[in-house]
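Structure first, then comments.
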Amino acid sequence: MENKRLRYSMQILEVVMNFLVIFCLETVVFSSFSNLEGLVGETGALVKAPGILRQLLFLAVPLLFLLIREKAGHFLTFVACHAVLAAAAVFLLGDGVMQRVVFGVLAAGYLVRSFQIRISRQEVGEGQLGPVAGGIAAGGSFLLCAYLGQETACGRIVNTALIYTFFILFTPTWSIWCSL
């Protein structure tokens, strides 16, 4: 029983850490929206960046995909739950056209990854992207945000990188502590 709980908590931690990598890239895309507002003129209301809460609520998508992979016994239920969740993420989190497009692309990426895990590997957990991918995503995102002059986005990326680093250092300790 404890091994199952440890395995499930490690899978949740992997999903959160993978989301932190994607969050850096998501932050860069949304921070570039302010530059796009000037280019589109009067339709600039369609290109506004979401708040931090909407970006963090998007974490529910990969976590719920993990739960669906774990609990859905029939393939049709699995497909239906994924489709409803992806559509809900796009339409409930996106406030404008461009936000819905970005959230749709990210949700589609998570959707494809979830199907790949379930169908080809017959597993529930998705595996970790790794610290190299996290470093590249955070470093590249930070440099791009600094180039665009988006101080708030740079701060979010630095905070995300610090949280990711904490999880990297905490994960081995977590597995040892939970196995006692």
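Taken together, the values in this text are just the output of simple stated rules run on the coordinates, not laboratory data. Nothing here was measured: the structure is a model prediction, and the numbers come from that model. Cβ: placed from backbone, ideal geometry, glycine included. Neighbour counts: every protein chain shown.
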Under the 0.36 nm per residue contour assumption, what length would be gained going from the current alpha-carbon distance of residue 10 and residue 112 to full extension? 34.6 nm
Just add up the charged neighbours of residue 95: K/R +1, D/E -1, any other residue whose Cβ is under 10 Å from the Cβ of residue 95. +3
Pop a pseudo-label 7 angstrom from the Cα along the beta-carbon direction at both residue 59 and residue 74 and give the gap in nm to one decimal. 3.4 nm
